[in-house]
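Here the structure comes first, spelled out in structure tokens, and everything after it is commentary.
The values are calculated or read from the model by the stated rules, or taken from the named source; none is laboratory data. What you are looking at is a predicted structure, and each value in this text was computed from that prediction instead of being measured. Cβ atoms come from the backbone with ideal geometry, glycine included; neighbour counts cover every protein chain shown.
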Amino acid sequence: MKVLVTGSAGHLGEALVRTLQNTSHEVVGLDITPSPFTSNVGSVADRSCVRQCMRGVDAVLHAATLHKPHVVTHSRQDFVDTNITGTLNLLEEAASSGVASFVFTSTTSAFGEAVTPPAGAPAAWVTEDVRPVPRNIYGVTKAAAEDLCELFHRSHRLACLILRTSRFFPEEDDNPATRVAYDDGNVKVNEFLYRRVDREDVVDAHLLAVEKAPMIGFGRYIISATTPFHPDDLLDLRMNAPEVVRRRVPDYEEEYTRRGWRMFPAVDRVYVNERARRELGWHPRYDFRCVLNLLESGADIRSPLARAVGSKGYHAHRFADGPYPVS
């Protein structure tokens, strides 16, 4: 099988290409940035470039995107060109070429305001049935690209699956108050309870989606670590998250105390991956329990693939007030 990976120089794209190179599949990597994992340098917004890359392709893994960290540094038109027009170019060329599987990497950020409950309300239990209410141009363009994927499935019978991934970036949190109050490792381990996923698990979900897309046809899936929480925890999570974690993972406090770490006082949403586990046969390894075990043994909490890809950042230069500017 010949697989086109867009965004092949990025956090996820490189991980996908690295993994596919160790299989019998032929892989084509497309990115605007040259890299050892990019065979074609160009933009998804360039229709002629996309057409050339699509020749003989059986499956598309579309990970190229402008991200939330680009909202301040790039124009809204840049987001439309890359995230919407780029996706449209790929869909049209995939449909005309008879591609068997199209997998679009979306984001839980598309949910936006829909997963921010008002004060005093329970935490949000976020499944694929929650209707997105994007809060910025990033979310708007990712949601629009998802709708394009659905349109092409309906109108061209293109098998297309959408994977809404939660946080897997290795960079520091963009909230300065969080960076001051918590060690970076503390933040990331806390997030495995409700809004983070390891890159190796994300890659596994994408490869399963390629395999399952022709049978499923179309679907949206949340790709996040399996939470230990239950729906009846939601009110308590907003009021006293440490007590809920103590109930569900009783031994976490010993390791946290040893490290001088703290649980967040409140959790406002929980991403639920049940549909992806059921329909894709996805079995993410790196959840809070797994990461806690790794901490206790003194091991790195990142998967071997996440360590190999490392941290890339989102801009060519650093910013004085954080990993990237926030509007």
Look through the stretch 174-208, keep the residues that are closer than 20 Å to residue 111 by Cβ and either modelled with pLDDT under 95 or of a type in the set (Ser, Thr, Tyr) (or both), and return whichever of them is nearest to the chain's Cα centre (by Cα). 194
Is it the case that the stretch 242-249 has a residue that's surrounded by 19 or more Cβ atoms within 10 Å (Cβ to Cβ) and either at negative phi or within 24 Å of the chain's Cα centre (by Cα) (or both)? yes
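The rows are residues; the columns are (1) surrounded by 24 or more Cβ atoms within 10 Å (Cβ to Cβ); (2) among the polar types (S, T, N, Q); (3) at positive phi.
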residue	(1), (2), (3)
151	no, no, no
157	no, no, yes
166	no, yes, no
186	no, yes, no
198	no, no, no
202	yes, no, no
208	no, no, no
228	no, no, no
Exactly one of (1) closer than 25 Å to residue 62 by Cα; (2) modelled with pLDDT of 95 or more; (3) surrounded by 20 or more Cβ atoms within 10 Å (Cβ to Cβ); (4) of a type in the set (Gly, Ala, Ser) is unmet by residue 98. Its number? (3)
Mind checking which residues of the stretch 100-115 are without any contact (Cβ under 8 Å) to a residue 60 or more places away in the chain and of a type in the set (A, V, I, L, M)? 110, 114
If I filter the stretch 70-81 for residues that are outside any helix (DSSP H, G or I), in contact with an Asp or Glu (Cβ under 8 Å, 6 or more places away or on another chain), closer than 24 Å to residue 312 by Cα and of a type in the set (Gly, Ala, Ser), do I get at least one hit? no
For residue 44, are the conditions met, namely being farther than 16 Å from residue 209 by Cβ and in a helix (DSSP H, G or I)? no
Residue among 275, 258 that is surrounded by fewer than 20 Cβ atoms within 10 Å (Cβ to Cβ) and either in contact with a strand residue (DSSP E or B) (Cβ under 7 Å, 6 or more places away or on another chain) or not in a helix (DSSP H, G or I) (or both): 275
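Table: residues versus (1) modelled with pLDDT under 95; (2) in a strand (DSSP E or B); (3) more than 23 Å from the chain's Cα centre (by Cα); (4) surrounded by fewer than 16 Cβ atoms within 10 Å (Cβ to Cβ).
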position	(1), (2), (3), (4)
8	no, no, no, no
16	no, no, no, no
19	no, no, no, no
34	no, no, no, yes
49	no, no, yes, no
60	no, yes, no, no
